[in-house]
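Okay, structure first, notes after.
The values are calculated or read from the model by the stated rules, or taken from the named source; none is laboratory data. Note that the structure is a prediction, hence the values are computed from the model and not measured. Glycine gets a Cβ as well: all are built from the backbone with ideal geometry, and neighbour counts include every protein chain shown.
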Amino acid sequence: MTTAADFLVSSSGQMSVPAAVRHRWGLIEGGRVTVIDLGDVVVLLPPGGRQRLLADALTAEQHREFVADLDDSDLDTT
């Protein structure tokens, strides 16, 4: 599911996570989320999301193998 919305950030830096997201993430009574600051983008992850993201990430060797198998000279330098 991909959605986008604008959020109001208070002067103290607070913002609300939409109710539908809180329900889907099991945060009915509140809780912690992970915030990843990528510079121009901030990513919010649900509880346990960081561990799942890292577990699903490619290793450096898998990335090298993937790049080596590319059949596009413009992309094979990444």
I need every pair where a residue in region 1-13 that is over 17 Å from Arg24 (Cα atoms) has its Cβ under 9 Å from the Cβ of a residue that is modelled with pLDDT under 80 and part of a loop (DSSP other than H, G, I, E, B), sequence separation at least 6 or different chains. none
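Out of curiosity, is Leu8 surrounded by 12 or more Cβ atoms within 10 Å (Cβ to Cβ) and modelled with pLDDT of 85 or more?
no
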Tell me, yes or no, whether region 43-53 has at least one residue that is out of contact with any helix residue (DSSP H, G or I) (no Cβ under 6 Å at 6 or more places or on another chain) and surrounded by fewer than 11 Cβ atoms within 10 Å (Cβ to Cβ). no
Ser16 - would you say it is part of a loop (DSSP other than H, G, I, E, B), surrounded by fewer than 10 Cβ atoms within 10 Å (Cβ to Cβ) and over 17 Å from the mean Cα position of the chain (by Cα)? no
Answer residue from region 46-78, given it is polar (S, T, N, Q) and assigned to a loop (DSSP other than H, G, I, E, B) and is modelled with the highest pLDDT among those: Thr59
Taking the condition part of a strand (DSSP E or B) and without any contact (Cβ under 8 Å) to a residue 60 or more places away in the chain, does Val43 pass? yes
Take the conditions surrounded by 10 or more Cβ atoms within 10 Å (Cβ to Cβ), outside any strand (DSSP E or B) and in contact with a helix residue (DSSP H, G or I) (Cβ under 9 Å, 6 or more places away or on another chain) and apply them to Gly26. Does it pass? no
